[in-house]
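See structure below.
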Amino acid sequence: MTPKLTAYIEGIGLIGPGFNDWASGRQILAGQQPYQSAKTVIPMPELLPAAERRRASDIVKLTLATSLQAIIEAGLQGENLPSVFSFSNGDGLNCHSICEMLASDDREISPTRFHNSVHNAAAGYWSIATKTMATSSVLCAFDASFGAGLLDALTQVTVDDTRCILMASDTPYPEPMFSKRPIPDNCGIALLLAPRQGGNSIAQIQVSFTHDEAFKFSDTALEALRIAIPSARGLPLLQLIAKGQANSVVLDYLDDLRLLVEVKLC
Amino acid sequence: MQQTLDALLQARQALKPCDFETVDLPTFIGEVEGLNDVNMRDDMADYDCRNNRLAQLGLEQDGFNDAVNAAAAKYGQDRIGVFLGTSTAGILETELAFRNRDKLTGTLPEDFIYSKTQNTYSVADFTRHYFKLAGPAAVVSSACSSSAKVFSVARRMIEAGLIDAAVVGGVDTLCLTTLYGFNSLGLLSTQACRPYDIARDGISIGEAAAFALLERPSHAMDDSAVLLLGIGESSDAYHMSSPHPDGLGAKMAMQQALQSASMTPTDIDYINLHGTATPSNDAAEAKAVTAVFTQAVPCSSSKGATGHTLGAAGAVEAVICALALQHGFIPSGLNTTEVDAELKLDYRLENQLQPLKRVMSNSFGFGGTNCSLIFGLAGTKGDAG
């Protein structure tokens, strides 16, 4: 028997196709409004200094925006929060540009392109923007990236007895890589997790391993989103919270291992 | 391991003028010979790329695969995690695929398999399937701190009770992105890199695979077993590609590592520095080290020997620390002829045979990500200071 890892969600961020933020997204997930897919809108990253703002790519802006929703909801602006970033790939457009240049006669890629190519670029910009010097864990687990990030964040909360913010974000590649990895649009979820129940707690979650099948949305558009973008595999958890029901849900993780999440509202 | 130990004891370095692929840059590289001749295991053929070839080669050294299989038999395949660091995974495969796009449609070659080569997770996916493990897995990719930070992820998973053991390590291989990328930043030395030298002028890029099997300490442990005693992690929150000039983040990481190990600076017998050999990196690290360690501690960087193996560096240097502990010697820093006196470190240019009890390894990366690890021997655990 593996243990259950327990944490309290204090803030949520959501941006994706048809989801502009958690406040409006929760009404859609609760079934109060129909889900309609639409191109993802990422707000301007006001926290970034002007120089970094110019150079920041979608994955940076997306991650900053979802994290701010969660941090503001939890009332934890200015806190030195340990963080987990989970990206199924880095900045797709930047990767494309570098590969294209390296295949050409002129291989002189720019310094900015290069430092934006590291998988932890968004984590670096985020720490600069939020002035956070606490540890960050920057992960990738392909389609399992949301689950991998959630597990790592939960071990920080339970083992190190600390708050931790999880940011799972994905951005698309242009062609020709799109055909090999067809992520259709930007999507990100942020969860601010705490070890104990407090005034801003939204829900308690208890997470354990399971071999049961992952939950599938009956809404075909939502299910298409869940399948298409790795971070969207966290949406079934957000739906339980949006519906305000104590219940449990199986989230997708690795091909042979999934996460059972038991949710109690606070 | 034996070759690495011999090279360290004989102060032999592995860097050579860059002749990698079609790269035309006046720099030195640390290349693993024979990777083009590695045959992937039959059932792992889809993972074929330079990075996973090196991973397979690494896993098959020193009886490591036997150790993992024994742990899987003991604990269960689902009780073993896989947490590996890499910065570029199999991106070389994509760089080559972009040269072979269809002239008419621009599509990539049909035999290019993104998920098992280019994707950052591919090396952990490969390793998990290679051993038929069924526990949690992830790649940590935070540039040059990646495979130091895997120890932290695995430590938490074990302490949380989710797993009993973890395959940790790092694998990074030569590719055009890093060679031309570091060149664009003006950070490549035109000669074999000289960490902490007064005339240091940049890095030499290397490639490596290094693995460790991490388990809870037990009474049955051999005296020569290596213990992970402390971990410290921080972020600079300063700049994407330059360290904080005073090494603030690095200082925090070292202090936290000491704190988590319940140690004071005088408990550390040797520091394996990050020591990339760029003027600013070594200066910032030196300021951080002298701020934490008021008494001089013998130290050196392994990068003169191996080059900077980027996402594999943390794991490579953890292995070098393990060898130094087990065989009782302070490894010298290679290529450096005149230590930069301004940096005020006890930087060693000669090997010294001497029993070591506790050693620290530093790994810092782009984006201001810092990790310090403290290792010791099981046989000396009783007299921790």
Open item on the list: When you scan segment B:60-69, do you find a residue that is over 30 Å from B:Gly333 (Cα atoms) and touching a strand residue (DSSP E or B) at 6+ places or on another chain (Cβ under 9 Å), even just one?
Closed with: yes
- [ ] Determine, yes or no, whether B:Thr4 is touching a strand residue (DSSP E or B) at 6+ places or on another chain (Cβ under 6 Å) and of a type in the set (S, T, N, Q).
- [x] no
- [ ] Spot the failing condition for A:His96; the list is (1) closer than 21 Å to A:Asp58 by Cβ; (2) within 7 Å of chain B (Cβ to nearest Cβ); (3) touching a residue at least 40 places away in the same chain (Cβ under 8 Å), and only one is missed.
- [x] (2)
Task: Count of segment A:59-84 residues which are within 14 Å of another protein chain (Cβ to nearest Cβ), more than 20 Å from A:Met44 (Cα to Cα) and of a type in the set (A, V, I, L, M, F, W, C) - done: 2
Task: Meets criteria (touching a Phe, Trp or Tyr at 6+ places or on another chain (Cβ under 7 Å) and surrounded by fewer than 23 Cβ atoms within 10 Å (Cβ to Cβ)) for A:Gln204 - done: yes
Task: Listing of helices (runs of 4 or more DSSP H) fully contained in segment B:63-157 that carry 2 or more residues being within 8 Å of chain A (Cβ to nearest Cβ) and crowded, with 19+ Cβ neighbours inside 10 Å - done: B:91-99, B:122-130
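Are any residues in segment B:1-32 over 26 Å from A:Ala103 (Cβ atoms) and loosely packed, with under 12 Cβ neighbours inside 10 Å, and if so, which ones?
B:Gln2, B:Gln3, B:Asp6, B:Gln10, B:Arg12
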Task: Given (1) over 13 Å from A:Asn89 (Cβ atoms); (2) more than 14 Å from the chain's Cα centre (by Cα), index of the condition A:Leu150 fails - done: (2)
Open item on the list: Pairs needed: first member in segment B:252-268, on the phi > 0 side of the Ramachandran plot; second member anywhere, of a type in the set (Val, Ile, Thr) and surrounded by fewer than 19 Cβ atoms within 10 Å (Cβ to Cβ); C-beta distance under 6 Å; at least 6 residues apart or different chains.
Closed with: none
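Is it the case that A:Ile241 is among the β-branched types (Val, Ile, Thr), over 14 Å from the mean Cα position of the chain (by Cα) and within 15 Å of A:Ser88 (Cβ to Cβ)?
So A:Ile241 fails the test.
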Task: Residues that are within 12 Å of chain A (Cβ to nearest Cβ) and under 21 Å from A:Cys164 (Cα atoms), drawn from segment B:222-249 - done: B:Ile231, B:Gly232, B:Glu233, B:Ser234, B:Ser235, B:Asp236, B:Ala237, B:Tyr238, B:Gly249
Task: Elements of type helices (runs of 4 or more DSSP H) in segment A:1-118, at least 3 residues being closer than 26 Å to A:Gly244 by Cβ and of a type in the set (S, T, N, Q) - done: A:58-74
Task: Unmet requirement for A:Leu14, which otherwise passes all of (1) within 16 Å of the chain's Cα centre (by Cα); (2) within 14 Å of another protein chain (Cβ to nearest Cβ) - done: (2)
TODO: Of all residues in segment A:233-266, count the ones that are out of contact with any Asp or Glu (no Cβ under 8 Å at 6 or more places or on another chain) and part of a helix (DSSP H, G or I).
DONE: 10
- [ ] Please list, ordered by first then second residue, the pairs with beta carbon atoms under 7 Å, 6 or more apart or interchain, first in segment B:270-298 and closer than 12 Å to B:Asp197 by Cα, second aliphatic (A, V, I, L, M) and part of a strand (DSSP E or B).
- [x] B:Thr276/B:Ile203; B:Ala277/B:Ile203; B:Thr278/B:Ile203
Task: Subset of segment B:232-251 (residues that are surrounded by 23 or more Cβ atoms within 10 Å (Cβ to Cβ) and not in a loop (DSSP other than H, G, I, E, B)) - done: B:Gly232, B:Glu233, B:Ser234, B:Ser235, B:Gly249, B:Ala250, B:Lys251
- [ ] Would you mind stating whether A:Ser127 is in a loop (DSSP other than H, G, I, E, B) and of a type in the set (Gly, Ala, Ser)?
- [x] no
Open item on the list: Of everything in segment A:209-226, what is touching a strand residue (DSSP E or B) at 6+ places or on another chain (Cβ under 9 Å) and assigned to a helix (DSSP H, G or I)? Give them in sequence order.
Closed with: A:Leu225, A:Arg226
Task: Neighbours by Cβ (under 8 Å, 6+ apart or cross-chain): first from segment B:162-187, facing chain A (nearest Cβ under 7 Å) and free of Cβ contacts under 8 Å to residues at least 40 places away in the same chain; second among the basic types (Lys, Arg) and surrounded by fewer than 24 Cβ atoms within 10 Å (Cβ to Cβ) - done: B:Gly181/A:Arg113; B:Ser184/A:Arg113
Open item on the list: Please count how many residues of segment A:100-129 are over 28 Å from B:Ala137 (Cα atoms), within 7 Å of chain B (Cβ to nearest Cβ) and either in contact (Cβ under 8 Å) with a residue 40 or more places away in the chain or surrounded by 22 or more Cβ atoms within 10 Å (Cβ to Cβ) (or both).
Closed with: 3
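Any read-out appearing in this document is the output of simple, stated calculations on the displayed coordinates, not a laboratory observation. Please read these numbers as outputs of a predicted model, since none were measured by experiment. Counting neighbours? That spans all protein chains shown, and the Cβs are built from the backbone with ideal geometry, glycine included.
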